[in-house]
Amino acid sequence: MRSLSFDVVVMGAGTAGAAAARCLAQAGRSVALLDARALDGAGARWVNGVPPWMFDAAGVPRPTPPERRGEGAFVMRGAAGRRGLRLDPSPVWPVDMRHLVARLQADARAAGATTIAPARLLELRFDGHRPRALHAAGPDGPLALEADLFVDASGMGGALRRRVPSLARDCPPVPRAHVCSAAQMVCAVADAAGARAWLQAEGLDEGDTLCRAGVAGGYSISNLTLEGDEVEILTGAIADPALPSGPELVERARAHHRWIGARRFGGAGAIPLRRPYDRLTAPGVALLGNAACQVFSAHGSGIGVGLLAARMLADAVTGAADPGAAATLWRYQVAFQRRVGALLAAYDLFRRATQALDGDDVRRLLEAGLLSEPSYRAGLEQRLPVPDARDLLQTLRGALRAPRLAARMAPTFARLGPAVALYRAHPEAPDARALARWSRRVARLFGERPDLAR
């Protein structure tokens, strides 16, 4: 078995993991980046919407074509009808994840990171409670990788997380009710005249995205974007056997719109929607991306959040003699929970409320104006809304148009501010008892059992 030593070993070479390897290597750390798949198969392989400000905040240059695809308006409507919201231009950029992941991996290698793939994780070796070595079956034989810090960016299953007893205990599996089955496919346009007729019938311009919400329960979408000779289909729904899956919704869209032709590329996956885990670190280990449930659950995207988390992790360990020390990693946890966790928690409360609606409720919510254009724009941008008097007046008018729906949503809106305040009060010092108390307060707000059962 070949033995190698690094400052940091990152498991998972998708967006979050490759971004972490890039940031850490650029900060002067020796880094190994591993993935269970070949590097050109790591991470998401489809088109995802990312707000451009998140690239800036993460220190990643904004994408350019072909990584960044077309631009147009974002139009959200119920499962049927023409009334809804229109944001022009769209506040998110469609980004081809294949190119983004490849760019982040290349940047990591250029900064000195070692990439090893495919690499199948065999075991973690511990010194007391802290992992010190990762054993893997690499492309050229068995490997033993020693490191001060191991980063789990392996996805929702948490390949490292579930092997660390304290994290396995405090980071429970995500229930199916809080998992999104998502799919995205880019297809050829088989009938140009039929495609133009669809645009005209929907009142859209080429490049606009039409989002049909509530197509399979309150938390579900089916998006179409037509540009040139291609159409992008994006779908998602709760992973409930009684509901169609993301891939099934894609096939429904293709069957309904006969002008859509052959598949060119795309993919599917399960996305955790619950709030971030209350605990993101243990001595020698940090969780990142889907492994940490770092997802903006209102629309099921973790790409931008993963980039931000990668930057925060690198900033926290920069200059530290031991990047895996508990006190060092705590800086990452508190920074993330206070700055980003507050946002994710607030929107997760909103997601849970909309998930309890049906398709007609979603249509009424949009048509009544309960969700104002500025608030919806803030959601797509993954920012907290700052309503002004006009927005509040519009929401009030919407409540008068749909009083029963407004009454159902009111308790959720009342909890958004307390959620933000609670996350911004995350314990600053690495105190297990203080964290457990904070976890209990979060659980009470969400009506759930605390993650940290102490």
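The values are calculated or read from the model by the stated rules, or taken from the named source; none is laboratory data. Quantities reported herein were computed from a predicted structural model and do not represent experimental measurements. Because the Cβ atoms are built from the backbone with ideal geometry, glycine has one as well, and the counts that use them run over all protein chains shown.
Confirm whether residue 246 is buried (at least 18 other Cβ atoms within 10 Å of the Cβ), of a type in the set (Gly, Ala, Ser) and in contact with a strand residue (DSSP E or B) (Cβ under 6 Å, 6 or more places away or on another chain).
Numbers: buried (at least 18 other Cβ atoms within 10 Å of the Cβ): yes; of a type in the set (Gly, Ala, Ser): yes; in contact with a strand residue (DSSP E or B) (Cβ under 6 Å, 6 or more places away or on another chain): yes.
Criteria met by residue 246.
Select from region 392-431 the residues that are out of contact with any Lys or Arg (no Cβ under 7 Å at 6 or more places or on another chain) and charged (D, E, K, R) and write down the one among them that is surrounded by the most Cβ atoms within 10 Å (Cβ to Cβ).
Kept after step one, since they are out of contact with any Lys or Arg (no Cβ under 7 Å at 6 or more places or on another chain), are these residues of region 392-431: 392-401, 403-404, 406-421, 425, 427-431.
Filter once more, so that each one left must be charged (D, E, K, R): 397, 401, 404, 408, 415, 428, 431.
Numbers: 397: 13, 401: 14, 404: 10, 408: 15, 415: 19, 428: 11, 431: 12.
Among residues in region 392-431 that are out of contact with any Lys or Arg (no Cβ under 7 Å at 6 or more places or on another chain) and charged (D, E, K, R), the one surrounded by the most Cβ atoms within 10 Å (Cβ to Cβ) is 415.
Only one residue in 344, 366, 329 is under 19 Å from residue 220 (Cα atoms), outside the structural domain of residue 183 (by TED's automatic domain parsing) and over 14 Å from the mean Cα position of the chain (by Cα). Which one?
Just one listed residue meets the conditions, 366.
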- Message: For region 260-281, give me each residue that is farther than 30 Å from residue 162 by Cβ and either under 24 Å from the mean Cα position of the chain (by Cα) or surrounded by fewer than 18 Cβ atoms within 10 Å (Cβ to Cβ) (or both).
- Response: 261, 262, 263, 264, 265
- Would you mind telling me which numbered condition in (1) over 30 Å from residue 30 (Cβ atoms); (2) out of contact with any strand residue (DSSP E or B) (no Cβ under 9 Å at 6 or more places or on another chain) residue 312 fails? (1)
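Rundown of residues vs (1) part of a loop (DSSP other than H, G, I, E, B); (2) touching a Phe, Trp or Tyr at 6+ places or on another chain (Cβ under 9 Å), yes/no style:
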site	(1), (2)
234	no, yes
237	no, yes
240	yes, no
251	no, no
261	no, no
264	no, no
270	no, no
276	yes, yes
279	yes, no
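Being buried (at least 19 other Cβ atoms within 10 Å of the Cβ), at pLDDT 95 or above, assigned by TED's automatic domain parsing to the domain that holds residue 230 and more than 20 Å from the chain's Cα centre (by Cα): is that true of residue 180 here? Give the steps one after another, and end with the answer.
Working: buried (at least 19 other Cβ atoms within 10 Å of the Cβ): yes; at pLDDT 95 or above: yes; assigned by TED's automatic domain parsing to the domain that holds residue 230: yes; more than 20 Å from the chain's Cα centre (by Cα): no.
When the stated conditions are applied, residue 180 does not pass them.
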- Query: Looking only at region 418-433, which residues are outside any loop (DSSP other than H, G, I, E, B) and modelled with pLDDT under 95?
  - Reply: 432, 433
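Please state which one of 291, 327 is among the aliphatic types (A, V, I, L, M), closer than 24 Å to residue 169 by Cβ and surrounded by fewer than 22 Cβ atoms within 10 Å (Cβ to Cβ). Talk me through it step by step, then tell me what you get.
Working: 291 fails: surrounded by fewer than 22 Cβ atoms within 10 Å (Cβ to Cβ).
Sole residue among the options that is among the aliphatic types (A, V, I, L, M), closer than 24 Å to residue 169 by Cβ and surrounded by fewer than 22 Cβ atoms within 10 Å (Cβ to Cβ): 327.
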- Note on the structure: Flagged in region 151-162 as out of contact with any Asp or Glu (no Cβ under 7 Å at 6 or more places or on another chain) and either in a loop (DSSP other than H, G, I, E, B) or in contact (Cβ under 8 Å) with a residue 24 or more places away in the chain (or both), in numbering order, are 151, 152, 153, 154, 155, 156, 157
- Confirm whether residue 110 is at pLDDT 95 or above, under 14 Å from residue 9 (Cβ atoms) and not basic (Lys, Arg). no
- Kindly indicate whether any position in region 391-410 is outside any helix (DSSP H, G or I), within 24 Å of the chain's Cα centre (by Cα) and on the phi < 0 side of the Ramachandran plot. no
- Out of (1) out of contact with any Gly (no Cβ under 9 Å at 6 or more places or on another chain); (2) more than 19 Å from residue 267 (Cα to Cα); (3) of a type in the set (Gly, Ala, Ser), the odd one out for residue 30 is which? (1)
- Looking at region 163-177, which of its residues are of a type in the set (Val, Ile, Thr) and either closer than 18 Å to residue 302 by Cβ or not in a loop (DSSP other than H, G, I, E, B) (or both)? 174
- Message: Tell me whether region 302-320 contains one or more residues that are part of a loop (DSSP other than H, G, I, E, B), buried (at least 24 other Cβ atoms within 10 Å of the Cβ) and within 18 Å of the chain's Cα centre (by Cα).
- Response: yes
- Query: Tally time: how many residues in region 178-212 are assigned to a loop (DSSP other than H, G, I, E, B) and either more than 21 Å from residue 376 (Cβ to Cβ) or of a type in the set (A, V, I, L, M, F, W, C) (or both)?
  - Reply: 4
- Query: Got at least one residue in region 381-388 being farther than 26 Å from residue 218 by Cβ, surrounded by fewer than 18 Cβ atoms within 10 Å (Cβ to Cβ), more than 24 Å from the chain's Cα centre (by Cα) and free of Cβ contacts under 8 Å to residues at least 24 places away in the same chain?
  - Reply: yes
- Message: Given the criteria modelled with pLDDT under 95 and either out of contact with any strand residue (DSSP E or B) (no Cβ under 7 Å at 6 or more places or on another chain) or not in a helix (DSSP H, G or I) (or both), does residue 81 qualify?
- Response: yes
- Query: Out of (1) within 20 Å of the chain's Cα centre (by Cα); (2) within 30 Å of residue 144 (Cα to Cα); (3) among the charged types (D, E, K, R), what's the single condition that is false for residue 68?
  - Reply: (2)
